[in-house]
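Q: Take a look at this one; I'll ask things after.
The values are calculated or read from the model by the stated rules, or taken from the named source; none is laboratory data. The model shown is predicted, which means the values in this text are computed figures rather than measured ones. Cβ coordinates were reconstructed from backbone atoms using ideal geometry, including for glycine residues, and neighbour counts include every protein chain displayed. Remember, those area values only see protein heavy atoms, side chains included, never the ligands or the DNA or RNA. Shrake-Rupley method; radii C 1.70, N 1.55, O 1.52, S 1.80 Å.
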Amino acid sequence: MMNFGGIDEKTSLREATFVVVPVPYDLTSTYQPGSRRGPIAIIEASTNMELYDEELKKETYLAGIHTTSPVATDARGPKTMVGLVKKKISKIVALNKIPVMLGGEHSISLGAVQALKEKYPRLSVLQLDAHADLRESYQGSTYSHAAVARRISEICPLVQVGIRSMSAEEGDFLAQGKVKSYSAD
């Protein structure tokens, strides 16, 4: 696996500040499969960017970026994948590193939030998305990508920005005031 940014000399996990974690998973995708290819595509594309940050006026990558091997995909379902992601992210935050998860579909976000909440009890989540993802369950799974924001809202405060599409069920849940949601307009 190449390192994020195409950095020639791979930073060791011990020396890194940031740890990139690819999670190539899209089992509950309903519109188009293929988001599982996203993490590797992002890492490959990152080799064609400049490493100097013009706003900060420094080469921020020198803080150390380590790219892990991808989290192994488990086809038993999203609940299993959430557990695998939580385990991986928990190990990274236990080392006081900053995880940067590159995923396929949204369902895996829950595992990262669970891990971060254990380390940071006052955690809150900002969701930038076109869809609310606040269903109680979808296609028989409470761990579906279409229910991930609902699960996150049960763990910590959630603010949504950019929402342009939701079901009546999600609208009813938002009316309860447990989640702050802002539309795309």
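Q: For segment 90-167, give the percent of accessible area contributed by carbon and sulfur heavy atoms, probe 1.4 Å, rounded to a whole number. Walk me through the numbers on the way to the answer.
A: Values: 2030 of 3750 Å².
Its accessible area is 54 percent carbon and sulfur atoms.
Q: What number, rounded to the nearest 500 deg cm²/dmol, is the helix-based mean residue ellipticity at 222 nm of the chain, given -39500 (n - 2.57) per DSSP H run of at least four residues and division by all its residues? Could the numbers behind the result be given before it?
A: On the way: 5 runs with 51 residues, N = 185.
After summing the helix terms and dividing by residue count, I get -8000 deg cm²/dmol.
Q: Picking from A115, A146, A63, which is most flexible by a Gaussian network model of the chain using Cα springs under 10 Å?
A: Highest fluctuation of the listed residues: A63.
Q: Find out how many positive minus negative residues lie around K88, taking Lys and Arg as positive, Asp and Glu as negative, among other residues whose Cβ is under 14 Å from that of K88.
A: Numbers: positive: K86, K87, K91, K97, K119; negative: D74, E118.
With Lys, Arg at +1 and Asp, Glu at -1, the neighbours total +3.
Q: Something else: Check cross-link reach from K87 to the aspartates and glutamates: straight Cα distance under 16 Å, and skip same-chain residues fewer than eight apart.
A: D74, E118
Q: Taking segment 147-176, which GluC sites (Glu not before Pro) meet the DSSP loop condition and have no more than 16 other C-beta atoms within 10 Å?
A: Answer in residue order: E154.
Q: Would you mind checking the tilt of helix 109-119 against the longest principal axis of the Cα atoms of the chain, expressed as 0 to 90 degrees and rounded to 10?
A: The two axes meet at around 70 degrees.
Q: Do any GluC sites (Glu not before Pro) in segment 1-61 lie in a loop, going by DSSP, with at most 16 other beta-carbon atoms within 10 Å of their beta carbon, and if so which? Before the final figure, lay out each step's value.
A: Numbers: sites: E9, E15, E44, E50, E54, E55, E59; in loops: E9, E15, E50, E54, E55, E59.
Filter output for segment 1-61: E9, E15, E50, E54, E55, E59.
Q: Can I ask one more? Compute the angle between helix 78-94 and the longest alpha-carbon principal axis of the chain, please, reported from 0 to 90 degrees and rounded to the nearest 10.
A: 40 degrees
Q: Moving on to the next point. Over segment 49-156, with the other protein chains present, what is the accessible area per residue in square angstrom, probe 1.4 angstrom? Could you put the intermediate results ahead of the total?
A: Working: 5860 Å² over 108 residues.
Heavy-atom accessible area per residue stands at 54 Å².
Q: Moving to a separate point now. Mind checking which aspartates and glutamates have their Cα closer than 13 Å to the Cα of K178? Skip sequence neighbours fewer than 8 apart in that chain.
A: Cross-link targets: E154, E170.
Q: Given the options V148, V23, V159, which has the most mean-square fluctuation in a GNM of the chain, springs set between C-alpha atoms less than 10 angstrom apart?
A: Sorting by GNM fluctuation, first place goes to V159.
Q: Can you compute 3J(HN,Hα) from phi for each residue in segment 12-20, using the Karplus curve 6.51 cos²θ - 1.76 cosθ + 1.60 with θ = phi - 60°, rounded to whole Hz and x for Gly and Pro?
A: Couplings: 6, 4, 4, 8, 6, 8, 10, 10, 7 Hz.
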